[in-house]
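Report on the following structure.
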């Protein structure tokens, strides 16, 4: 049986750019599309192999889109929105080649597959902050290394920790999301009364914090 994998299409990002930037972005779109035609199926197969599961039926049916943007100084090279797991974004400079974007694209496609399985295959669980932000980024970095054909090393894990910390700090800096975490810690107001009645201690309270920190990602889309 022939392996069925999702179609991946490269498109211009929904952002206004100068005519000059638009021209080279169009050329970059066509260039990446051509390279993907040659290498894409192998990459997707390797992602499935190292993630341990296949792309969901909905992904196979609808396909995926990679949006291309001009890289600004403040941009990461790639990102995706967990609630839109059929798409991801790449941020490019005019001189970038396939070598410059391959690892970033693989990394974001790994994120996409993880969230497709979560939302489309109804793998319900109680989301947590550390699983959805820190562990998600950590594992994507390690699997990216495997898909590229490299053996994970100490440096791989060290870099993965840096990426995971960076993503967690970024999420915590977002005002709305930070407020959600603050509200979730309201139960700590009970700490003084519980301590007075000898019903708690600092270690029990710490367990409560870890158990009640909510996910910053919705359970359903």
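Bear in mind that the values in this text are calculations on the coordinates, not laboratory data. Since the model is a prediction, treat every value here as computed from it, not as a measurement. Here the Cβ is made from the backbone with ideal geometry for all residues, glycine too, and neighbour counts use every protein chain on show.
Angle check, please: helix 19-51 long axis (alpha carbons) against the longest principal axis of the chain (alpha carbons), in degrees 0 to 90, nearest 10.
Approximately 70 degrees, to the nearest ten.
Just to be sure I understand, if you calculate Cα Rg over 2.2 N^0.38 Å for this structure, which of (i) 1.19; (ii) 0.91; (iii) 1.32 do you get?
Label (i) holds the value from this structure.
What is the chain's relative contact order, in percent, from Cα pairs under 8 angstrom and six or more apart in sequence? Walk me through the intermediate numbers first.
Details: 250 pairs, mean separation 40.9, N = 221.
Here the relative contact order equals 18 percent.
Taking the number of other C-beta atoms within 10 Å as the exposure measure, put 114, 12, 139 in order starting with the fewest. Mind dumping the intermediate values first?
Details: 114 20, 12 14, 139 17.
Taking fewest neighbouring Cβ atoms as first place, the list is 12, 139, 114.
What is the fewest-to-most order of 200, 173 by other Cβ atoms lying within 10 Å of their Cβ?
Working: 200 16, 173 9.
The fewest-first ordering by Cβ neighbours comes to 173, 200.
Compute the angle between helix 154-173 and the longest alpha-carbon principal axis of the chain, please, reported from 0 to 90 degrees and rounded to the nearest 10.
Compared with the principal axis, the helix lies near 70 degrees.
For 192, 51, what's the fewest-to-most ordering of other Cβ within 10 Å of each Cβ?
On the way: 192 10, 51 19.
With the sparsest Cβ surroundings first, the list reads 192, 51.
Residue 72 versus residue 97, label points 7 Å from Cα toward the beta carbon: distance in nm?
Placing both labels 7 Å along Cα→Cβ, they lie 2.9 nm apart.
Kindly express, to the nearest 10 degrees and within the range 0 to 90, the angle between helix 136-147's C-alpha long axis and the longest C-alpha principal axis of the chain.
Approximately 40 degrees, to the nearest 10.
Between residue 201 and residue 81, what length in nm is gained on full extension when 0.36 nm per residue of separation is reduced by their alpha carbon distance? All intermediate terms of the calculation are to be shown ahead of the outcome.
Details: separation 120, 0.36 × 120 = 43.20 nm, distance 3.88 nm.
Taking residue 201 through residue 81 to full extension adds about 39.3 nm, to one decimal.
May I ask what percent, to the nearest 5, of DSSP beta bridges between residues of the chain are antiparallel?
Details: 3 of 14 bridges.
Close to 20 percent.
Report the antiparallel proportion of the DSSP beta bridges in the stretch 1-124 as a percent, rounded to a multiple of 5. Display every interim value, and only then the final one.
On the way: 2 of 13 bridges.
Counting only bridges with both partners in the stretch 1-124, antiparallel ones make up about 15 percent.
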